[in-house]
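The values are calculated or read from the model by the stated rules, or taken from the named source; none is laboratory data. Nothing here was measured: the structure is a model prediction, and the numbers come from that model. Here the Cβ is made from the backbone with ideal geometry for all residues, glycine too, and neighbour counts use every protein chain on show. Please note that ligands, DNA and RNA were not included when accessible areas were found on the heavy atoms of the full protein model with its side chains. Shrake-Rupley method; radii C 1.70, N 1.55, O 1.52, S 1.80 Å.
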Amino acid sequence: MKTVNHWIGGKTVEGASGNWGPVTDPATGAVTTQVALASAEEVDSAVAAAKAAYATWGTSSLAQRTGILFRYRALLDAHRDDIAALITAEHGKVHSDALGEVARGLEIVELACGITTQLKGELSTQVSNRVDVAAIRQPVGVVAGITPFNFPAMVPMWMFPLAIACGNTFVLKPSEKDPSAANLLAELAAEAGLPDGVLNVVHGDKIAVDSLLAHPDVAAVSFVGSTPIARYIHTTASVNGKRVQALGGAKNHMLVLPDADLDAAADAAVSAAYGSAGERCMAISAVVAVGAIGDELVAKIRERAEKIKIGPGNDPMSEMGPLITKAHRDKVASYVTGAAAQGADVVLDGTGYTVDGFEDGHWIGLSLLDRVSTDSDAYRDEIFGPVLCVLRTETYEEGVKLINASPFGNGTAIFTRDGGAARRFQLEIEAGMVGVNVPIPVPVGYHSFGGWKDSLFGDHHIYGNDGVHFYTRGKVVTTRWPDPSEAPAGVDLGFPRNH
């Protein structure tokens with residue numbers, strides 16, 4: 001059986017806690033790997049390695065950092081398929097989805113390669129007589145990242161490349177459900193020339209997380225995961241004096257107006273709701289149909305959903321893979337089986353789906369629930385699976401009111417041909433990321449990703465300008481120098497005394 005150990009101080013370090021976690025192949029249900037679960041002492045070792053490396057990395061030149069990052073970007077590009085294969089083997093998503101994940105992570109590496117412009121300061125001269133004021137940004141120190149199972153390469157790459165480009169050192173605690181991609185990312189960074197200890201990976205569960213949150217040498221914590229855990233991370237780390245960005249869950253809505261291109265809207269709803277088996281925080285999980293279009297839109301979504309081929313992620317014919325674990329599969333199925341009792345019309349029920357030859361895999365088919373009540377569990381909770389809820393409203397105003405009543409505010413979208421309606425929606429909707437005829441409005445790397453309300457805890461979004469600000473601290477320097485003509489008697493600087 002394969003074993004995944006920690007990566008500390010530039011090398012593989014065998015787990016010493018005696019605790020191991022199982023990693024399954026979601027397509028077969030078989031345990032294929034064991035991952036070391038770190039003790040508090042092992043977390044201490046990783047933080048110590050990062051702290052020691054910060055002594056030199058924090059003052060290293062921008063040319064040195066960017067040179068390494070350019071080489072790292074080339075290595076990641078050359079190993080796209082290797083990283084994607086690890087993601088598919090442990091998460092279950094199809095290979096094309098995994099490749100897309102790597103590509104979105106590479107965007108942030110590319111942003112980090114251009115960190116020289118991002119870290120430029122400001123200077124105001126002669127604010128008073130011979131007084132200048134400069135604003136600069138400096139790294140914060142040792143940074144920790146705690147990342148989720150659904151994007152085991154992309155989300156870490158949203159964090160550590162930018163953090164280390166800014167001069168910090170990093171301790172990554174990836175999900176123990178699919179840990180192998182994180183180790184490969186660290187190994188490639190070392191191959192690119194990243195000094196030992198700048199990037200460390202410790203695997204583990206709550207013990208490792210709590211150790212990072214309480215560690216006195218960790219200056220900042222980045223997190224992506226569910227809302228309850230994001231709230232816990234933010235509260236705990238803040239109490240311990242740390243800077244925190246904690247991105248939580250979502251219930252992303254897509255408002256479809258009567259004038260929308262229904263074929264385009266149906267295509268978007270299917271790809272956004274069921275892509276990556278719905279295991280993404282930017283998935284569209286609620287479509288709000290306005291006016292009389294509801295029946296036609298639901299029929300078009302059903303027609304497309306029934307054609308999606310589900311199978312092992314390494315099968316080129318598969319368009320959707322299994323869910324990450326059996327327990328998660330059963331939880332997702334429970335929302336579908338309980339939907340009818342709570343007033344929904346079950347248009348598609350995917351709970352009985354299996355794949356021939358892979359009967360023990362964590363399979364679930366696509367489910368479509370119509371006329372869902374806002375009081376139902378399927379609407380209120382983040383399901384994190386291939387379940388799409390359709391709600392009906394009579395007007396645009398009712399639709400916006402419904403969406404804004406959600407405790408989540410991660411992403412949302414509107415489908416319409418009317419520019420005025422789209423403009424109103426952008427301004428009136430309470431969410432951090434908005435798409436206009438774009439179902440999953442994940443920003444490109446040089447803009448920041450993050451939601452509102454219960455989808456974000458902390459003041460900074462991830463990557464982009466917000467990411468640079470999170471991983472640096474501002475400092476203002478006020479300087480006054482006497483004029484050379486005022487030099488003390490006997491000191492000749494070559495300046496005329498009557499200057």
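Annotations for the structure displayed:
- Figure legend. Inter-residue proximity from the stretch 212-236: first residues closer than 22 Å to Y463 by Cα, second residues assigned to a helix (DSSP H, G or I) and open to solvent by 30 Å² or more (accessible area, probe 1.4 Å), beta-carbon distance below 6 Å, spacing 6+ or different chains. Indicated pairs: L213/T236.
- Restricting the stretch 370-396 to residues that are out of contact with any strand residue (DSSP E or B) (no Cβ under 9 Å at 6 or more places or on another chain) and assigned to a loop (DSSP other than H, G, I, E, B) leaves a set whose member that is most open to solvent (accessible area, probe 1.4 Å) is D375.
- Subset of the stretch 32-52 [of a type in the set (S, T, Y), open to solvent by 30 Å² or more (accessible area, probe 1.4 Å) and not in a helix (DSSP H, G or I)]: T32
- Options V4, V47, V13; residue that is in contact with a Ser or Thr (Cβ under 6 Å, 6 or more places away or on another chain) and closer than 17 Å to P174 by Cα: V4
- Pairs linking a residue in the stretch 296-323 that is free of Cβ contacts under 8 Å to residues at least 40 places away in the same chain to a residue that is surrounded by fewer than 17 Cβ atoms within 10 Å (Cβ to Cβ) and assigned to a helix (DSSP H, G or I), with Cβ atoms under 8 Å and 6 or more positions apart or on different chains, are K300/D263; R304/D267.
- If the condition is being closer than 15 Å to V171 by Cα, in a loop (DSSP other than H, G, I, E, B) and either in contact with a Leu (Cβ under 9 Å, 6 or more places away or on another chain) or small (G, A, S) (or both), then the stretch 216-243 contributes only K242.
- Residue within the stretch 156-170 that is hydrophobic (A, V, I, L, M, F, W, C) and more than 23 Å from T116 (Cβ to Cβ) present: no
- For the stretch 432-453, the tally of residues that are buried (at least 20 other Cβ atoms within 10 Å of the Cβ), touching a helix residue (DSSP H, G or I) at 6+ places or on another chain (Cβ under 7 Å) and farther than 26 Å from V140 by Cβ stands at 1.
- Scan of the stretch 462-485 for residues that are under 17 Å from K242 (Cβ atoms) and part of a loop (DSSP other than H, G, I, E, B), ordered by number: Y471
- Of the residues making up the stretch 316-363, just one is in contact with a strand residue (DSSP E or B) (Cβ under 8 Å, 6 or more places away or on another chain), in a helix (DSSP H, G or I) and either surrounded by fewer than 16 Cβ atoms within 10 Å (Cβ to Cβ) or among the small types (G, A, S) (or both), namely A340.
- Verdict on S367 being crowded, with 23+ Cβ neighbours inside 10 Å and modelled with pLDDT of 95 or more: yes
- Any hit, the stretch 407-419, residues being touching a residue at least 24 places away in the same chain (Cβ under 8 Å), surrounded by 15 or more Cβ atoms within 10 Å (Cβ to Cβ), touching a Pro at 6+ places or on another chain (Cβ under 8 Å) and of a type in the set (G, A, S): yes
- Of all residues in the stretch 279-315, exactly one satisfies the criterion of being in contact with a Leu (Cβ under 9 Å, 6 or more places away or on another chain), assigned to a loop (DSSP other than H, G, I, E, B) and open to solvent by 80 Å² or more (accessible area, probe 1.4 Å), namely E306.
- Yes/no for T412 being among the hydroxyl-bearing types (S, T, Y), at pLDDT 95 or above and over 27 Å from Y463 (Cβ atoms): no
- The stretch 460-499, subset at pLDDT 90 or above and farther than 21 Å from T116 by Cα, residue most open to solvent (accessible area, probe 1.4 Å): W481
- Selection from the stretch 163-194 of residues that are under 14 Å from the mean Cα position of the chain (by Cα) and under 17 Å from A53 (Cβ atoms): L172
- Within the stretch 162-209, the only residue that satisfies the criterion of being within 14 Å of V13 (Cα to Cα), in a strand (DSSP E or B) and touching a Pro at 6+ places or on another chain (Cβ under 8 Å) is V201.
- Subset of the stretch 262-275 [of a type in the set (S, T, Y) and crowded, with 24+ Cβ neighbours inside 10 Å]: Y274
- Flag if G249 is open to solvent by less than 30 Å² (accessible area, probe 1.4 Å) and either hydroxyl-bearing (S, T, Y) or assigned to a loop (DSSP other than H, G, I, E, B) (or both): yes
- Selected residue (criterion: nearest to H362 (Cα to Cα)) from residues of the stretch 4-31 that are open to solvent by less than 60 Å² (accessible area, probe 1.4 Å) and part of a strand (DSSP E or B): T24
- Residue that is farthest from the chain's Cα centre (by Cα) [pool: residues in the stretch 216-241 that are under 20 Å from A52 (Cα atoms) and crowded, with 23+ Cβ neighbours inside 10 Å]: V218
- Of the strands (runs of 3 or more DSSP E) lying entirely inside the stretch 53-161, those containing at least 2 residues that are touching a residue at least 40 places away in the same chain (Cβ under 8 Å) and surrounded by 15 or more Cβ atoms within 10 Å (Cβ to Cβ) are 131-139, 142-146.
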